[in-house]
Amino acid sequence: MINKTSKIQTSTLKISGMHCASCSTILTKALQKVDGVNSAVVNYSTEKGTVTFDPAKTNEHDLVQAVQKKGYNAEILTDQSYAREEQLRKKEIQKLRFKVILSVAFSLPALIISMFLTSLPYQEYILWVLSTPVQFYIGRPFYQGTWAALKNKSANMDSLIAIGTSAAYFYSVYAVLFTSGGHQYFEISAILITLVLLGKYLEAVAKGKTSQAIAKLVKMGAKTATVIRKGKELKIPIEEVVVGDMIIVKPGEKIPVDGLVIEGYSSVDESLVTGESMPVEKKKGDTVIGSTINKQGTFRFKATKVGAQTTLARIVKLIEDAQGKKAPIQRFADQVSAYFVPIVIGIALITFLVWFFLLNAELEFALITAVAVLVIACPCALGLATPTSIMVGTGKGATHGILIKGGDILEAAHKVKYIVFDKTGTITKGKPVVTDVVAVKGASEKKVLEIAASLEKNSEHPLAEAMVQKGKDAKISFQKVTAFQALVGKGVKGKLGSKEYYLGNIKLMKEKKISLSAYLSKKEALESEGKTVMVLADKKNVLGLIAVADELKEDSAEAVAILKNMGLFPYMITGDNKRTAQAIAKKVGIDKFFAEVLPEDKVAYVKQLQRKGKVAMVGDGINDAPALAQADIGIAMGSGTDVAMETGNIVLMKNSLLDVPRAIKLSKMTMSKVRQNMFWALIYNVLGIPIAAGVLYPFTGWLLSPIIAGGAMALSSVSVVTNSLLLRRKSLKLKKA
């Protein structure tokens with residue numbers, strides 16, 4: 001997949017042939033060494049590499065070659081690669097399943113013969129025959145991986161398996177050919193390879209499940225579209241839709257691409273993209289998102305985004321990129337894995353030398369303990385600990401409408417101490433509404449609204465729209481207005497019939513010498529609640545007061561209360577005056593706020609808080625972009641999806657502030673899984689290696705056989721992936737404040 005939005009280009013490579021975490025380390029280093037590459041990350045779990053490079057210095061062909069030179073296969077992913085990728089994964093799993101069955105067919109009889117049929121004629125030769133295809137055909141990838149690592153002057157998991165099983169196999173050949181009655185270990189090498197392969201098969205199946213979020217999104221995409229071309233309706237494949245096409249959508253159909261409604265009315269299920277279960281009403285002028293489902297009504301819309309530019313395609317790309325980015329804790333695991341294998345080979349060698357030369361153990365005993373050390377120490381579980389959890393965590397977030405742009409973001413989110421909320425469009429709805437209509441001097445509220453809405457129907461002021469909408473909602477009769485005049489900075493005036501009316505602020509009333517003294521306390525009371533108050537009057541008297549405010553979102557106060565319960569400190573930042581800011585902050589439950597702040601100055605306030613701890617900035621992603629970028633975590637509301645996706649580290653597609661604590665909760669749950677995985681992977685190796693080396697044998701008689709070590713090693717990798725998958729069952733439900 002390619003991103004060419006700037007001179008720097010980003011490409012995604014599909015890599016095959018990786019056997020463990022150290023393979024990804026080798027390839028990351030190889031790609032980073034290519035001239036012109038700015039950054040490269042190869043993810044073992046996703047089997048993908050994300051490379052950012054300067055196309056003037058290198059190209060995709062060079063990147064593929066860099067991977068191939070290291071003994072692996074690679075191809076550039078395109079926007080149409082998802083279905084093929086899934087087919088390749090299925091094919092790989094089928095291939096592994098066949099090899100496991102074949103390996104069991106040879107190694108299980110070998111185990112039975114060696115344990116129960118010890119007096120069988122030519123037993124050693126039968127075992128030799130049974131183990132040889134397992135060692136060199138089934139086990140061939142381990143030798144290939146070892147050779148590739150040697151060429152790169154390193155060692156990996158394959159090195160441990162290849163050295164361990166080869167030692168057991170070739171010692172057995174020596175015992176059969178050159179000693180009389182010497183014990184052989186053909187069945188151990190065969191069973192070891194079988195167990196490791198079984199572990200890889202189970203791991204591949206489990207890893208396939210970790211990327212189900214992406215697979216689900218891709219499968220849910222529309223396949224066809226009904227377009228109008230030359231006056232005729234044509235059903236065409238989704239790939240043939242172009243920007244500007246007029247498209248018809250009927251009830252129950254999927255909306256093919258992103259666009260703008262031109263004609264018709266309907267309600268649309270957008271849960272695939274936003275996670276929100278309630279259908280959203282769509283009318284002329286509204287935007288629609290590709291792959292969402294039309295519930296009722298038929299409408300026409302104009303295609304505005306197709307292919308890789310659609311919201312769904314960009315979400316899929318965003319999730320993939322997130323799963324490819326390494327969390328800091330993962331880099332630690334990669335470093336451990338890189339040094340671990342050579343150290344283990346050294347420990348295995350020391351184990352052999354100590355038992356054979358210093359403690360005078362038999363050659364067989366010394367060899368088997370060394371093999372057990374090699375096998376049990378495979379750091380595969382350690383390499384899987386973080387990426388599998390990150391994959392499941394980002395996928396879970398996406399299904400709930402929370403898009404997280406990287407493992408590093410997911411890790412950092414739970415460390416946040418301060419949450420800074422922009423006011424307009426974030427805490428509030430960002431659209432003024434009439435909150436109060438106060439009638440005086442015997443006039444009814446309906447009459448006050450009728451006069452005010454009729455006057456404002458001719459105005460272009462933002463507050464006028466709120467008044468006209470209120471009039472429509474109240475089903476008032478709009479009157480004809482003559483002699484209308486907008487009075488800049490004061491209000492409006494006009495005639496309804498022969499009578500002249502004024503609607504505006506206190507300046508206008510003073511200018512027209514209309515007394516407000518009797519209504520000042522009511523006006524100030526409304527203003528203390530953060531509302532803008534306009535006065536309606538005729539030539540002599542005040543007729544009423546109309547208060548307009550930017551209403552709080554329904555869930556703002558609840559979200560703030562939950563964040564406080566989580567031990568976080570919420571702040572509000574706004575360009576509004578202090579009185580309005582104080583009123584809104586009080587309503588929502590925020591104790592500290594910054595008022596009268598210019599957009600360009602928001603960065604300074606974020607920096608100020610960063611001196612005390614980690615800061616998350618929550619904004620609408622447009623005028624808040626600099627502050628979102630400055631904060632440790634930028635959380636963008638999904639209302640302006642395009643801008644939000646560009647500016648936020650986390651994008652809240654449902655536009656709900658409750659998703660802020662949910663994102664933090666998800667971060668905590670994911671990092672808990674990472675730590676659990678890291679602990680068990682490390683403790684397993686720390687405890688397993690000494691036991692396998694025979695440290696406890698002189699005191700307790702405990703000794704790990706290579707077969708048990710192999711089974712434990714395979715089980716550890718599967719358990720790490722399974723533990724990560726359990727995250728999918730965890731609830732993101734929030735505790736009520």
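Of all helices (runs of 4 or more DSSP H) completely enclosed by the stretch 129-227, which ones contain at least 1 residues that are at pLDDT 75 or above and in contact with a His (Cβ under 7 Å, 6 or more places away or on another chain)? Walk me through how you get there before you give the answer.
Numbers: elements: 140-151, 157-178, 186-210, 212-219.
Counting at least 1 such residues, we get 140-151, 157-178.
Would you please list the contacts, defined by Cβ atoms under 8 Å and residues six or more apart or on different chains, that run from a residue in the stretch 166-179 that is free of Cβ contacts under 8 Å to residues at least 60 places away in the same chain and under 17 Å from Ala110 (Cα atoms) to a residue that is surrounded by 13 or more Cβ atoms within 10 Å (Cβ to Cβ) and of a type in the set (A, V, I, L, M)?
The qualifying pairs are Ser172/Leu127.
For (1) modelled with pLDDT under 85; (2) out of contact with any helix residue (DSSP H, G or I) (no Cβ under 8 Å at 6 or more places or on another chain); (3) at positive phi, each residue gets a yes or a no:
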| site | (1), (2), (3) |
| --- | --- |
| Val268 | no, yes, no |
| Gly290 | no, no, no |
| Gly297 | yes, yes, yes |
| Ala303 | no, yes, no |
| Thr311 | yes, no, no |
| Ile315 | yes, no, no |
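Taking into account only those residues within the stretch 516-537 that are part of a loop (DSSP other than H, G, I, E, B) and open to solvent by 20 Å² or more (accessible area, probe 1.4 Å), which is nearest to Gly494 (Cα to Cα)? Before you say what the answer is, go through the steps one by one.
At the first step, the residues of the stretch 516-537 found to be part of a loop (DSSP other than H, G, I, E, B) are 516, 528-531.
So of that shortlist, the ones also open to solvent by 20 Å² or more (accessible area, probe 1.4 Å) come out as 528-529, 531.
On the way: Ser528: 29, Glu529: 29, Lys531: 24 Å.
Going through the qualifying residues, I end up with Lys531.
What number of residues within the stretch 131-163 satisfy the criterion of being closer than 20 Å to Gly710 by Cα and open to solvent by less than 30 Å² (accessible area, probe 1.4 Å)? Working first, answer last.
As a first pass, look at the stretch 131-163 and keep what is closer than 20 Å to Gly710 by Cα: 131-146, 155-163.
With open to solvent by less than 30 Å² (accessible area, probe 1.4 Å) added as a condition, the list becomes 131, 134-135, 138-139, 142, 145-146, 155-162.
Adding up the residues that qualify gives 16.
When you go through (1) within 14 Å of Ile546 (Cα to Cα); (2) of a type outside the set (Gly, Ala, Ser); (3) open to solvent by 80 Å² or more (accessible area, probe 1.4 Å); (4) modelled with pLDDT under 90 one by one for Ile506, which number turns out not to apply?
(3)
Pull out all pairs, ordered by first then second residue, where Cβ-Cβ is under 9 Å, the residues are six or more apart or on different chains, the first lies in the stretch 32-47 and is over 22 Å from Met157 (Cβ atoms) and in contact (Cβ under 8 Å) with a residue 12 or more places away in the chain, and the second is open to solvent by less than 10 Å² (accessible area, probe 1.4 Å) and assigned to a loop (DSSP other than H, G, I, E, B).
Going by the 9 Å Cβ cut-off, the qualifying pairs are Val34/Thr58; Asp35/Thr58; Gly36/Thr58; Val37/Thr58.
So which of Ala372, Ala361, Ala338 ends up being more than 19 Å from Asp408 (Cβ to Cβ), among the hydrophobic types (A, V, I, L, M, F, W, C), at pLDDT 75 or above and open to solvent by 10 Å² or more (accessible area, probe 1.4 Å)?
Going through Ala372, Ala361, Ala338 in turn, the sole match is Ala361.
Read through the list (1) of a type outside the set (D, E, K, R); (2) in contact with a Phe, Trp or Tyr (Cβ under 6 Å, 6 or more places away or on another chain); (3) closer than 14 Å to Thr424 by Cα, then give the number of the only condition that Ser556 fails.
Here Ser556 clears every test but (2).
Thr424: out of contact with any helix residue (DSSP H, G or I) (no Cβ under 8 Å at 6 or more places or on another chain), at pLDDT below 85, crowded, with 18+ Cβ neighbours inside 10 Å and assigned to a helix (DSSP H, G or I), yes or no? Quick ask: steps written out before the conclusion?
Working: out of contact with any helix residue (DSSP H, G or I) (no Cβ under 8 Å at 6 or more places or on another chain): yes; at pLDDT below 85: yes; crowded, with 18+ Cβ neighbours inside 10 Å: yes; assigned to a helix (DSSP H, G or I): yes.
Yes: the conditions hold for Thr424.
With the condition kept exactly as written, say whether any residue in the stretch 623-634 is within 16 Å of the chain's Cα centre (by Cα) and crowded, with 23+ Cβ neighbours inside 10 Å.
Let us first name the residues in the stretch 623-634 that are within 16 Å of the chain's Cα centre (by Cα), namely 633-634.
After this cut, where a residue has to be crowded, with 23+ Cβ neighbours inside 10 Å as well, the list is 633-634.
Yes, the stretch 623-634 contains a residue that is within 16 Å of the chain's Cα centre (by Cα) and crowded, with 23+ Cβ neighbours inside 10 Å.
Go through the stretch 608-708 and tell me which helices (runs of 4 or more DSSP H), entirely inside it, have 3 or more residues that are in contact (Cβ under 8 Å) with a residue 60 or more places away in the chain and farther than 18 Å from Gly407 by Cα. Full working, then the answer.
On the way: elements: 625-630, 641-647, 659-692, 697-700.
Once the helices (runs of 4 or more DSSP H) in the stretch 608-708 are filtered for at least 3 residues that are in contact (Cβ under 8 Å) with a residue 60 or more places away in the chain and farther than 18 Å from Gly407 by Cα, what remains is 659-692.
Within the stretch 483-492, does at least one residue satisfy the condition of being touching a residue at least 12 places away in the same chain (Cβ under 8 Å), open to solvent by less than 60 Å² (accessible area, probe 1.4 Å), outside any loop (DSSP other than H, G, I, E, B) and farther than 20 Å from Asp550 by Cα?
We begin by selecting, within the stretch 483-492, every residue touching a residue at least 12 places away in the same chain (Cβ under 8 Å); these are 483-484, 486-487, 489-492.
Next cut, open to solvent by less than 60 Å² (accessible area, probe 1.4 Å) only: 487, 489, 491-492.
Subset that is outside any loop (DSSP other than H, G, I, E, B): 487, 491-492.
Now drop any that are not farther than 20 Å from Asp550 by Cα, which leaves 487, 492.
Within the stretch 483-492, one or more residues are touching a residue at least 12 places away in the same chain (Cβ under 8 Å), open to solvent by less than 60 Å² (accessible area, probe 1.4 Å), outside any loop (DSSP other than H, G, I, E, B) and farther than 20 Å from Asp550 by Cα.
The values are calculated or read from the model by the stated rules, or taken from the named source; none is laboratory data. Since the model is a prediction, treat every value here as computed from it, not as a measurement. As a convention, Cβ positions derive from the backbone with ideal geometry for all residues, glycine included, and neighbour counts pool all protein chains shown. Remember, those area values only see protein heavy atoms, side chains included, never the ligands or the DNA or RNA. Shrake-Rupley method; radii C 1.70, N 1.55, O 1.52, S 1.80 Å.
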